[in-house]
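**Student:** Just passing along the structure, written as structure tokens.
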Amino acid sequence: MSENESTPWQQAEAWEGKCQRCGEESVWHTMSWFNTELICDPCDKAEWVHPDFAFVKQVDFLYLTKKREYNYPGPGWPGVDGRLSEELKTALQEELEFEWGEEE
Ligand SMILES: [Zn+2]
């Protein structure tokens with residue numbers, strides 16, 4: 001890491017052939033929706049079926065459209081079996097002024 005402060009997107013360019021979440025070698029990668037990790041295909045698929053995925057996509061969309069915030073790093077990856085905390089979700093809804101009523 002350089003002595004300059006680096007943005008999440010600069011870190012994102014640092015793909016070194018290994019998934020930053022599970023450590024598996026991979027030729028393919030994408031950025032996580034939940035944080036700035038560069039992840040492999042199985043980790044990406046695990047995000048898409050995560051119960052908070054739709055919420056995270058909505059938050060990402062609203063940061064872009066409402067706040068013009070292109071460097072939002074995401075709320076953090078809670079793990080395959082974890083969930084974003086209600087406190088965090090409430091805070092994001094208040095900050096971005098939206099309702100989220102699709103919880104089971
Ligand atoms: Zn992975």
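**Student:** How far is it, in nm, from the label point at E86 to the one at Y72 when both lie 7 Å from their Cα along the line to the Cβ?
**Tutor:** 2.3 nm
**Student:** Taking the number of other C-beta atoms within 10 Å as the exposure measure, put V59, V49 in order starting with the fewest.
**Tutor:** Going from least to most buried by this count: V49, V59.
**Student:** Can you divide the C-alpha Rg of the range 8-96 by 2.2 N^0.38 Å and report the result to two decimal places?
**Tutor:** Ratio of Rg to 2.2 N^0.38 Å for the range 8-96: 1.10.
**Student:** Starting from the Cα-Cα distance between L64 and T30, subtract it from 0.36 nm times their residue separation and give me the gain in nm to one decimal.
**Tutor:** 10.4 nm
Read-outs: derived from the displayed coordinates by stated rules, not from any lab. Because the structure is predicted, anything quoted here is derived from the model rather than measured. Note that each Cβ is placed from the backbone with ideal geometry, even for glycine, and that neighbours are counted across all protein chains shown.
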